[in-house]
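Everything below concerns the one structure shown next.
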Amino acid sequence: DYVVVKMIPDNRLPPRHLHAVRTAKTFAVIKWESPYDSPDQDMLYAVAVKDLVRKTDKIYKVKSRNSTVEYTIKKLEPGGKYHVIVQLGNMSKESSMKINTVPLSAPDALKIITENDHILLFWKSLALKESNFNESRGYEIHMFDSLMNITAYLGNTTDNFFKVSNLKIGHNYSFTVQARCLYGGQMCGEPATLLYDELGTGGDSSATKSGRATDVAAIVVPVLFLLLVTLGIGFVVLYMRHRRLQSSFTAFANSHYSSRLGSAIFSSGDDLGDEDDEAPMITGFSDDVPMVIA
């Protein structure tokens, strides 16, 4: 014996397994299951989205007969915080979850240029890669002093550079630049961080100091140029001196050349300065003159 029992659907049950499939900067994809399996008719859901930052609410209606429902919440803000509630249209029990959208990216190519009594922070415009960013929103800059272990808010700007003064010698600083936070500092962009310890007693700096590199190049290039000029002048002087010595030696050799012997004749060093230099040279002996050997 058996009996067939058909359960009466309870429309007061909440949707099941509510979760986020994907979150981006301006939208989120959520998913849930119907309160009971295999609905035999269209079910109307109410999706309430509460903006926890702006304190605003929006309600969307979704109709589906599927056991699994997927819905995309659009027109969200980067870095926002939202509370999502899903329930049947008859205001039955609800399922809820919280969503945090992806914040704006960090500015690219953050660099430091060192001046005499201050430094300049430079970065690329965030609007080059973020279509949701408007330059009028601006950027905010923070500084962390590792020696004092304090973080200071330096200000904000709509430009792509910022001047920082009154840095202390021997302190290491970390600077962060990000899209300006909105509504009480709750909707911020990702920060770009750069370490600066040029004023310290030593240590490597991760900052790219193009200004200092330019100053070094301005000193090194003239010095190398002067060295090259000096070497060139030295080679010219040595060459001229070599030519002059060669010419003097040639003239000296020609003056002592004997066409009879076919070679040059040079006197030894012992003969130099001898008092008998002017004595006539004995060229030979006659046969009728006796040779006397003492």
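Here, each number is a calculation from the coordinates, and none is a lab measurement. Worth saying up front: this structure is predicted, and the values here are computed from it rather than measured. Cβ placement follows ideal geometry from the backbone for every residue including glycine, while neighbour counts extend to all protein chains displayed.
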Legend entry - Under 5 Å, built H, 5+ apart or other chain: amide partners of residue 76: 27
Legend entry - For the stretch 108-197, the fraction of alpha-carbon pairs in successive 5 Å shells from zero, as %: 3, 13, 26, 25, 17, 10, 5, 1, 0
Inset, instruction - Take the stretch 15-122, drop everything but the C-alpha atoms, weight them equally and run the Debye formula without solvent; then report log10 I(q)/I(0) at 0.12 Å⁻¹ to two decimals. - result: -0.49
Inset, instruction - Using a 10 Å cut-off on Cβ atoms, rank the peptides 112-124, 227-239, 185-197 from the highest mean neighbour count down. - result: 185-197, 112-124, 227-239
Legend entry - Simple label model, 7 Å out from Cα along Cβ direction - residue 183 to residue 63, nm: 3.1 nm
Inset, instruction - Multiply the residue separation of residue 233 and residue 16 by 0.36 nm, subtract the distance between their alpha-carbon atoms, and state the gained length in nm to one decimal. - result: 69.1 nm
Legend entry - residue 37-residue 51 pseudo-label distance in nm [points 7 Å out on the Cα-to-Cβ vector]: 4.2 nm
